[in-house]
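Student: After the structure tokens below, expect a handful of questions from me.
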Amino acid sequence: MAAPIKLLEFPNDIDENLSDIPYRERKVCIVSVVGKSRLNFMSNKASLLNPVIERDIFQGAEGFINEQVSKKEIELYYDVDNQVIYLHHQSCADVHILAERCQELYQSKSNLDFNSIWEDNSIKHAKTLLYLFSLSHIVLLCNPGSTFDIGYVKLFRILDMIRLKLQSSISEVLSEFILSQDWYTSARLCSPRVLFIFQTATFELSFDDNDSLYSKTRPQKNLPIKKLQINLEDQIYRILRKSRVITNISNNSLFAVPANQEFVYVHTKREDCPDPVTSYLHLLRNLNTPSKDDSPKSRSYLTNRRGGQGPLASSSFNNRIRECNFKEFIWQHIELAFSKGFNDNVGRNPLPSTFELPVCETWFYVALRLHQFYFTNIPEGKPQAHLNTLKSLLETDVRFSENRCNKYLPLAETAYQQDLPTHYVRSYHVQKLAQAKHVFAQFARGPAYGEYMKQLEEACEKWWKTGRQQCESVSLSGNLCINPIHRLEDEMETEKKEQLPVLPHSSQIKTKAACNCGKKQADKEDCFDHKSANYDFYEMLAKTCCHKLQKIELPAFKASTTEAKARQVPLPPTNQLLPVPKSSTSGGDSKRIESVVSGMSGLSLALSLGQSGGSDVYHGHQDGLDQRDTIDVSSRVASLADEAMTRDDDDDNEDDNDDGKEDVGEDDTKLPSSSKSKEEIENEDTPTVVEEKNIKSICEEIISRQHSTTEYLPGMVHTDSPPGLLPKFSSWSLCCLGKPSFYSHSQGLDLPGFLAGSNFLLPWDITLKISKEKWPTVGETAGKKGRQKRSHKDAGEVSLRVFLGNEYECPRGHRFFCSGPDKIIKVSSMCSVKDNANKLLNLDMPLYTPCHCRSTKGYIAQLMRLYIVTPDGPIRILLNPTIQPGIAPCPLFHPGTDKPIELPSNGVWCLRLPHVYQGDRGVYNMPSDPQQFHQCRLLKGVFSYRESIGEG
């Protein structure tokens, strides 16, 4: 059968095609090639064997270009003619293998680091060397340069130690075959000879040196290349003997070197292919070079010149001489293996060495079985333990790194645990962890750094979470809860939180605040939700102060079922502009009016059919309308229209006084900033217009009462809130402190916390034009038809005085009234108030202003209460507060009423504003930049009035 001329993959190709191998009964010599390739991607260290085989079996640059380079771990070629088996071991020490592994690692985007991959390859490389040393006669150790790598000494010592430990186990495996006693006992063919191949010289030889080196007649001892080889042999021998890698008795060593033969070869040929272009030129030149069988007559002129004198001819000649020289260098050892065998023992009493020249078939069977022992089917017990020892010995840098990291890990943990509070939040945990990492990074080194750094993170995380974790809840003012991690009393108990204690949130920060009416002050805990800030605190104080006072209930949710829930309100777009402040004549802002008008069609349809309309008719919801809210719209409209036709036109004002310029609006509401001419007053409010206005007010009244009884707002009422929803509780409060005599013109309001001289209200004088005869009595109704207009001669003027005050309160409990934006009222004991309430009526008042209390910190006071002293007369004071609590864009907050709040006469009323403004986007806190305080404001138009002449 013909001899195979192609490379085979070992052991796969051999295991499948062992019966096809020819001349299996012959004895063979085994030559293995290990080591490192040149630092060139297109180089192959086994290509040196091609001149020996006289075939281009092991492909170098040409193979890379033609894509014929084998990527197998062990390449095998059986030279049948010469009875030699060549084994080529490829690993990450070969440049092209290393480049491919790096490319695969990059493309797969694996989380493995290069060090872990390199460790796996180094262990596999060491096991392969053990395998080849037990099956080879000659081992060619290739080096890319011309210096010996000292790192091989450590590797050889480790391999020798593991070989001795595995010797008995391998002998048991070899007992399965019929072998010689020496092979069975020593568990290898012989102590293989290692020949050192250096692939690059440190200098370039001239043509004369080459000629002298390979000439048979000229001396060669003084040539530079010869001196280099001799010096390398002496150096390597001394290193190996000093480290006891080789000894006098070769049978006791991992390998041997010949005593009387050359074992170092320096390859003087230049690198075979520095780049692909050079390789293509080399191939092109070889194609134009005639073969050996061509006669000189058949050659061209150029070819004859190349074969004659000249640089090209000398270069080709020298390369052929070098190749022949390497063949002679290695073949002398192969011939000795076939003749006498290797006896590399030295000393006075040399012992016979073990040497076995195996039969081809037997060697293949043994090689396949040992490959399973080392790589695929490792026996349990001692063999596995010895191979684990090999891994531990090879990972010296890993063990050093582990020992060093293990030494400094406790120091890093101590740095983390130093000066820790009893409880702390994650941000502080991260800060302390960064300090511990810094301490660890100063001393820890090596590949185990990442693993131990992870252990440090886990240890610190565990230390923090075992009873030292602080609650991460933040109060509305931005302060953290100082309690350990806990759950609230009304919080749902889950498996994760069932072991947590039940505690309320607390930041241990307290401020001083007054109650709803302002008569009592108390310490206020830092609140973590707007219910505690705007409702719970004031309800607690009301039990001992305000609960008996007259109140006006503000809109709040009333549930009709126990399954009521908060609606998930969608967030408005971030680019929404600030809504236009609501007009004082509309009873609400423009957006609410638009929503009311848009919903009238659906509401009127439901009512006309005798059905109960939903609370969100204009949104298509079908929430039921309470039966008590169902009214006859048509009869109500008709009665109001009839009443409007008989209304006396003299009820309208003709002129305004000089101070306020008040006028009559659409709903008989007096505004301090409006003015109308006499003709406009006489011509407005015709019966048709009045009828339309009253119809609209009726529908608005109906819609205002159609609030949902199953869903409520999670926050407070503002201009972006969905219509038909109310908050679960009101964040506002309106109560009466008493009769007007409660306020003293000379002493001001007698309430705690006011700065000296700042507790005075401001007067608002209102002039009314009424009949000289009398004011309407209870018996006089406004519904009589045919009433004639009173003449202007019978009209007179009545002046009424209302007192107003905007109270600001700082966190220390200091209180004061302002007469205008950022202007605190200051009145001495001997003086009276000189300012009036015009600025409170016609200007926006800031929500925040600096407090004049003596403090280096500089506290900021917040607008918290509005005080109104209503007179006993023919007017009703109306409240319509609208607050912008943040910089634009920001919704406007209001109490939730659909029209201004009407205050009863003859009383001192206090409207307590929210302490915290909770919107759909969160809490609108006080701006950190004082320059933005002017954007947080109480919009003008809060106070107005209407005439109540003729009302019972």
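The values are calculated or read from the model by the stated rules, or taken from the named source; none is laboratory data. These numbers come from a predicted model, not from an experiment. Cβ: placed from backbone, ideal geometry, glycine included. Neighbour counts: every protein chain shown.
Student: Search the stretch 53-100 for residues being over 52 Å from the mean Cα position of the chain (by Cα) and at positive phi, and hand back the single one that is modelled with the lowest pLDDT.
Tutor: This residue is GLU54.
Student: Just need a number here: residues in the stretch 370-383 that are within 30 Å of ILE85 (Cα to Cα) and either surrounded by fewer than 16 Cβ atoms within 10 Å (Cβ to Cβ) or among the aliphatic types (A, V, I, L, M) (or both).
Tutor: 7
Student: Looking at ASN50, ASN40 in this structure, which one is at pLDDT below 80 and not hydroxyl-bearing (Ser, Thr, Tyr)?
Tutor: Just one listed residue meets the conditions, ASN40.
Student: Another question about this same structure. If MET864 satisfies every condition in (1) out of contact with any His (no Cβ under 6 Å at 6 or more places or on another chain); (2) not in a strand (DSSP E or B) but one, which is the exception?
Tutor: It fails just one condition, (2).
Student: Residues that are in contact (Cβ under 8 Å) with a residue 40 or more places away in the chain and under 28 Å from ILE158 (Cβ atoms): which helices (runs of 4 or more DSSP H) entirely in the stretch 390-476 hold 1 or more of them?
Tutor: Because the criterion is at least 1 residues that are in contact (Cβ under 8 Å) with a residue 40 or more places away in the chain and under 28 Å from ILE158 (Cβ atoms), the helices (runs of 4 or more DSSP H) in the stretch 390-476 that meet it are 396-417, 449-465.
Student: Can you say whether ARG854 is more than 42 Å from the chain's Cα centre (by Cα) and either acidic (Asp, Glu) or modelled with pLDDT of 85 or more (or both), as far as the supplied structure shows?
Tutor: So ARG854 does not fit the description; no.
Student: Among (1) assigned by TED's automatic domain parsing to the domain that holds VAL245; (2) surrounded by 11 or more Cβ atoms within 10 Å (Cβ to Cβ); (3) modelled with pLDDT under 85, there is one condition ALA367 misses while meeting the rest; what is its number?
Tutor: (3)
Student: Give the number of residues within the stretch 710-748 that are assigned to a loop (DSSP other than H, G, I, E, B) and not polar (S, T, N, Q).
Tutor: Total meeting the criteria: 16.
Student: Then there's this: Every residue in the stretch 249-287 that is among the acidic types (Asp, Glu) and modelled with pLDDT under 75, please.
Tutor: GLU271, ASP272, ASP275
Yes or no, residue by residue, for (1) assigned to a loop (DSSP other than H, G, I, E, B); (2) in the same structural domain as SER122 (by TED's automatic domain parsing); (3) without any contact (Cβ under 8 Å) to a residue 60 or more places away in the chain; (4) more than 50 Å from the chain's Cα centre (by Cα):
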{"position": "PHE148", "(1), (2), (3), (4)": "yes, yes, no, yes"}
{"position": "VAL153", "(1), (2), (3), (4)": "no, yes, no, no"}
{"position": "ILE158", "(1), (2), (3), (4)": "no, yes, no, no"}
{"position": "MET161", "(1), (2), (3), (4)": "no, yes, no, yes"}
{"position": "LYS165", "(1), (2), (3), (4)": "no, yes, no, yes"}
{"position": "SER171", "(1), (2), (3), (4)": "no, yes, yes, yes"}
{"position": "LEU179", "(1), (2), (3), (4)": "yes, yes, no, yes"}
{"position": "ASP182", "(1), (2), (3), (4)": "no, yes, no, yes"}
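Student: Residues to consider are CYS360, CYS405; find the one that is surrounded by 18 or more Cβ atoms within 10 Å (Cβ to Cβ) and under 30 Å from GLN167 (Cα atoms).
Tutor: CYS360
Student: Please find, within the stretch 236-245, the residue that is farthest from LEU351 (Cα to Cα) out of those that are over 58 Å from the mean Cα position of the chain (by Cα) and without any contact (Cβ under 8 Å) to a residue 12 or more places away in the chain.
Tutor: Taking the candidates together, the pick is ARG238.
Student: Against the conditions (1) among the hydrophobic types (A, V, I, L, M, F, W, C); (2) surrounded by fewer than 19 Cβ atoms within 10 Å (Cβ to Cβ); (3) not in a helix (DSSP H, G or I), where does CYS92 fall short? Just the number, please.
Tutor: (2)
Student: Is the stretch 114-134 home to any residue that is surrounded by 21 or more Cβ atoms within 10 Å (Cβ to Cβ) and not in a helix (DSSP H, G or I)?
Tutor: Yes, the conditions are met somewhere in the stretch 114-134.
Student: Do we find that GLU489 is part of a loop (DSSP other than H, G, I, E, B) and in contact (Cβ under 8 Å) with a residue 24 or more places away in the chain in this structure?
Tutor: Here the answer is no, as GLU489 does not meet what is asked.
Student: Is there any pair with a first residue in the stretch 73-101 that is assigned by TED's automatic domain parsing to the domain that holds GLU25 and without any contact (Cβ under 8 Å) to a residue 12 or more places away in the chain and a second that is outside any strand (DSSP E or B) and surrounded by 19 or more Cβ atoms within 10 Å (Cβ to Cβ) whose Cβ atoms are under 8 Å apart and which are 6 or more apart or on different chains, and what are they?
Tutor: The qualifying pairs are LEU98/CYS92.
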